[in-house]
1. Calculate how steeply helix B:218-244 sits against the longest principal axis of the alpha-carbon atoms of chain B, using the helix alpha-carbon long axis, and give the answer as 0 to 90 degrees to the nearest 10.
2. On a 0 to 90° scale, report how tilted helix B:95-122 is relative to the longest principal axis of chain B, with both axes built from alpha carbons and the result rounded to the nearest 10.
3. Averaged across the residues of B:127-133, what count of C-beta atoms belonging to other chains lies within 10 Å of each residue's C-beta?
4. Measure nothing but the geometry: give the 0 to 90° angle between the long axis through the Cα atoms of B:251-282 and the longest principal axis through the Cα atoms of chain B, rounded to 10°.
5. Compare the peptides A:150-161, B:104-115 by average per-residue count of other Cβ atoms within 10 angstrom and give them in order, highest first.
6. Find how many whole Å separate the alpha carbon centroid of segment B:109-174 from the alpha carbon centroid of segment B:1-43.
7. Taking a point 7 angstrom from the Cα of residue A:54 along the C-beta vector, which residues in segment A:162-192 have backbone N less than 13 Å away?
8. Largest first and to the nearest Å, give the Cα extent of segment B:22-85 along each principal axis.
């Protein structure tokens with residue numbers, strides 16, 4: 001064999017070995033790929049879907065939930081209602097920091113059980129200070145503690161949302177009724193929105209969410225509380241699968257103190273309008289120009 | 001020769017050169033085998049990460065970017081800095097630099113490949129990659145700075161592939177390159193090099209909720225540090241090329257690059273110092289990230305060793321460069337380049353990306369430590385970059401060093 005031929009043979013051998021080793025290295029993907037169908041892969045952005053396409057997708061999600069979790073669920077596509085723009089206000093004078101709102105969110109929105117995820121973080125703040133630095137979300141004692149007040153934070157549904165601006169693929173946007181939503185089937189999981197949000201309102205699905213079968217909330221929305229796929233970002237949607245049907249958000253219903261006020265900003269007779277007109281309300285980090293639709297006030 | 005001819009000959013030329021470039025000594029094969037092994041370990045770790053989720057990394061909702069984005073940021077600087085060598089060569093008409101410009105461009109190509117890989121492995125849904133392709137997906141341009149980055153990085157890759165490919169092909173054909181076909185692109189690449197690193201800085205500095213990044217100095221700092229890593233790497237690369245290949249590397253080019261490095265490494269420290277002054281003298285809530293980075297806060301200190309070793313490495317590099325000024329010993333220069341390169345890698349990577357998240361926007365202090373999976377993938381990607389660079393250099397050198405007897409690509 002000439003030197004030339006030997007070199008060619010060696011190169012071919014090397015390439016074959018390399019390709020085989022590469023295939024072996026990529027093997028874990030074979031367990032993951034079958035969970036992804038071609039229809040899912042080719043699915044367009046939510047805002048480009050016609051009603052026929054939406055129907056098929058909702059049916060497919062229901063079917064997949066049945067296969068993967070063994071539960072029959074209803075996935076709806078609730079649209080904004082004309083003449084309604086939602087606003088939320090929270091009375092800091094009566095909030096006791098019991099975190100029932102965070103717990104209700106956890107169950108309502110089909111959050112991963114292991115991480116105890118919730119869209120609401122309640123901060124125990126020091127009386128006389130508005131410095132988060134002096135507050136903590138990890139308190140573990142009877143509430144309310146003396147010298148403290150409590151500040152629940154969730155998505156502020158900004159009118160000028162930095163998270164929407166930074167998304168490279170328009171997987172997140174603000175809807176007509178003021179709610180900022182995520183298309184979980186379009187998000188690429190770059191997490192730029194998490195970096196941009198000044199309120200720590202967004203969460204990422206670091207693993208596939210796991211929920212015991214009997215605890216799954218079967219009343220689900222495509223843009224809200226359906227069980228999220230792995231690797232995408234999610235956030236509070238003011239429970240749009242409830243509120244767009246005239247119900248109240250789960251966090252409000254769970255609140256034992258009546259600290260939470262929710263309603264239609266366009267209706268002059270709504271509770272939220274009464275609060276905005278009669279209380280001295282403020283928003284978090286107003287200086288950033290995000291224009292939240294979530295307001296706070298003190299009563300006394 | 002008509003254009004139709006080039007259309008077929010150019011790919012054929014590339015394939016043939018590539019085939020030739022993977023011929024080499026036992027040292028070359030050992031080097032490539034080692035890099036392949038590292039790349040395979042990285043590929044395997046990535047496959048695991050995709051299958052079981054980014055929870056296999058040390059990142060969390062509090063620190064949502066880590067080692068991958070840190071390396072991405074550094075890689076963009078390396079790519080930009082490499083092409084900055086074009087400035088002395090063409091703008092100041094420095095003849096010594098002309099021959100080595102092509103090395104800078106090859107480094108830029110390899111660095112961009114590295115950057116694109118780091119972005120890919122950071123995605124939670126790499127299968128939805130096509131959503132970010134203009135025309136196919138929904139490209140949020142011009143509002144999202146990330147879409148700008150997609151455009152400038154890929155554009156930069158294409159420009160550099162064109163320049164190097166054209167020059168080498170012409171040399172191979174034994175023809176004098178027509179300046180009309182590469183000079184405009186060379187000037188374009190200078191501006192473009194600035195743009196890739198500026199856009200990458202704007203990615204962070206435009207976020208009002210992250211005071212640590214929200215500084216107008218970030219883009220200038222990025223550019224200056226690019227002028228450190230680019231020249232430092234190319235100085236080492238040229239000396240290796242001089243030792244391992246027949247390619248003639250003049251001392252003039254090395255001197256120019258060393259002079260650039262001497263200035264930029266000091267300017268970079270000055271900028272870091274003025275950032276530190278603004279943070280600490282102003283104080284208040286915005287000080288926390290700086291305090292966490294340099295001294296630790298709330299009993300948490302994960303970044304302290306990183307940033308102080310970065311500073312130490314950069315100061316040592318300055319000292320070594322001064323030593324080199326007096327004694328001209330190459331060992332001083334080489335050590336200085338290594339120290340400067342490592343120092344900036346830390347300062348611009350872990351020392352810049354992670355403190356943007358600590359404390360979180362609601363001032364919670366959650367630390368981030370990269371996991372083994374992240375280290376494996378990171379090493380794997382740099383190994384791929386080194387493979388691309390090695391083969392590219394061999395390809396180019398084999399053409400450029402082949403003086404006389406120009407073959408025509410038409411005759412196979």
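What follows is calculated from the coordinates using simple rules that are stated; it is not laboratory data. Remember, predicted model here, so these are calculated numbers, not experimental data. Counting neighbours? That spans all protein chains shown, and the Cβs are built from the backbone with ideal geometry, glycine included.
1. Once rounded, one gets 40 degrees.
2. Here the helix axis deviates by roughly 50 degrees.
3. Numbers: counts 9, 13, 1, 4, 10, 4, 1.
Across the residues of B:127-133, the mean count of other-chain Cβ atoms within 10 Å is 6.
4. Rounded to the nearest ten degrees, it is 20.
5. Going from most to least packed, we get B:104-115, A:150-161.
6. Using only Cα atoms to place each centre, the spacing works out to 20 Å.
7. Zone members listed by number: A:176.
8. Projected onto its principal axes, the Cα set of segment B:22-85 covers 48, 35, 13 Å.
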